[in-house]
1. Is it fair to say A:Thr88 is without any contact (Cβ under 8 Å) to a residue 24 or more places away in the chain and more than 16 Å from A:Ala188 (Cβ to Cβ)?
2. Among the residues of the range A:178-230, write down those that are of a type in the set (Val, Ile, Thr) and part of a strand (DSSP E or B).
3. Would it be correct to say that B:Glu92 is modelled with pLDDT under 90, out of contact with any Gly (no Cβ under 8 Å at 6 or more places or on another chain) and over 30 Å from A:Trp59 (Cα atoms)?
4. Here are A:Thr142, A:Thr137, A:Thr100: which of them is in contact with a His (Cβ under 9 Å, 6 or more places away or on another chain), within 14 Å of chain B (Cβ to nearest Cβ), more than 22 Å from A:Glu40 (Cβ to Cβ) and not hydrophobic (A, V, I, L, M, F, W, C)?
5. Quick check on my filter: what residues within the range A:88-131 are open to solvent by 80 Å² or more (accessible area, probe 1.4 Å), among the hydrophobic types (A, V, I, L, M, F, W, C) and in a strand (DSSP E or B)?
6. Please count how many residues of the range A:154-173 are charged (D, E, K, R) and either open to solvent by 70 Å² or more (accessible area, probe 1.4 Å) or within 12 Å of another protein chain (Cβ to nearest Cβ) (or both).
7. What is the number of the single condition among (1) within 14 Å of chain B (Cβ to nearest Cβ); (2) crowded, with 20+ Cβ neighbours inside 10 Å that A:Ile191 does not meet?
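The values are calculated or read from the model by the stated rules, or taken from the named source; none is laboratory data. Just so you know, these numbers come straight off a predicted model, no measurement behind them. Note that each Cβ is placed from the backbone with ideal geometry, even for glycine, and that neighbours are counted across all protein chains shown. These accessible areas exclude ligands, DNA and RNA; they are computed on the full protein's heavy atoms, side chains included. Shrake-Rupley method; radii C 1.70, N 1.55, O 1.52, S 1.80 Å.
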Amino acid sequence: MTKKLTLKYYISIIFCFLSATLYAEETLVPDSTFIDRRKEVYQGTYLNLDIFNPIATAWRDGRFEGSLSLDVDLWHRLFPAVEVGVMTADIKEETYKYETIGCFAKLGANYNFINFKSDRRFDHTFYAGFRYGYGYTKYSLTDAELENAYWDESGKYANLNQEAHFGWFEVQVGTRVQIYKNFFMGVALQIKTFGHFYDKSPWFPTYISGYGKYGEDVNFGLNYSLSYRF
Amino acid sequence: MRKTLIYITLIFLGAICFSCASECYVSKETKLGISFLDSTTYKAKKISNLKVMGVLNDSILYNNATVSAIYLPLRSNDTNTNYRLILPTKTEGKETPDTIFLHIDHTPKPQLISEECGCAMFHELHDAKLVNNTYNFKIQVTNQNVQISDLTVSKDDKETNIKILH
């Protein structure tokens, strides 16, 4: 199965980057005391809470996904990161019911391309990064109405309590802007590909925790996060 | 206040764009694929005058066809499906054609393909046997998963589940 890359993804990314950038220009000026940060290896730890995916539950037919990530600022260039999250869905249609629950974790790092001079006033970043993601998904399909014309069979069928362990590779591109002191806001585009199951099975989850819809060669994701730096 | 409203609107417009539904690009038919191969070269070899129908079902699936692959529907309410493969007789003096019975053991379970496509019945193959095998065909299960196929894949390129060597 192939999925067309549609213009809608690029339009949505432009909207989100624009809104983050516009908001950053209006922030209060943080303390301008000069600190030579070039020599510091460790420059803080960020805790990031994604708010886009929980809000998107409203138009995803009840499919909820939320995540929390942690990344460490090294030289303000390299940011090793770990992310954990959960997904649940309870989809009820006329011809089937689908329930799923799962969790995921990602491990990787970002590289910052801007703003690492010693005399910088803000700690904004614009970065690209990679992740390896792992997702565990448990799912059940019930009341699936199907017909078999040749054998003249019809009815409601079920496939209960299936489990899947899935891995994928991910590229992230994003920006994080300093709003006020240790508070940041960020937006990131995620490009997920090379998905693979750990176990072979004829059946597969329709939605995979952390990855999205199964069957697409490439999945796109979006994070809009609120961050605090320790 | 006005700028705040603009930011919120931009975010939601972007999010809505992300959520637009796509179309269904796959066929929901799941059929057992059987390919006929030369027993020496393992290359596709057509079989002639083949008639295929289900046991206890008079509807003919293939009628005197010359094919190198056939695609058969499996039962949804049972864990085994039987077919009759009717071929010209190999026995001298016999006027009626030979009937070889194909017995398939499988587990049917529904699968939600996607919200756009809906559900289809998938099967996991366990075993395949030929009964009354007057042609001495050899049979092998090569792919246990009977699933949907991509609409963009041509019929000749579809992967099959069973190989019959003759």
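1. no
2. A:Ile179, A:Val187, A:Ile191, A:Thr193, A:Ile208, A:Val218
3. yes
4. Checking each option against the conditions leaves just A:Thr137.
5. Correct list: A:Ile101, A:Leu107, A:Phe126, A:Phe130.
6. Qualifying residue count, the range A:154-173: 2.
7. Every condition holds for A:Ile191 apart from (2).
Yes/no per residue for (1) away from chain B (no Cβ under 14 Å); (2) at pLDDT 95 or above:
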{"site": "A:Leu70", "(1), (2)": "yes, yes"}
{"site": "A:Glu93", "(1), (2)": "no, no"}
{"site": "A:Ala105", "(1), (2)": "yes, yes"}
{"site": "A:Lys117", "(1), (2)": "yes, no"}
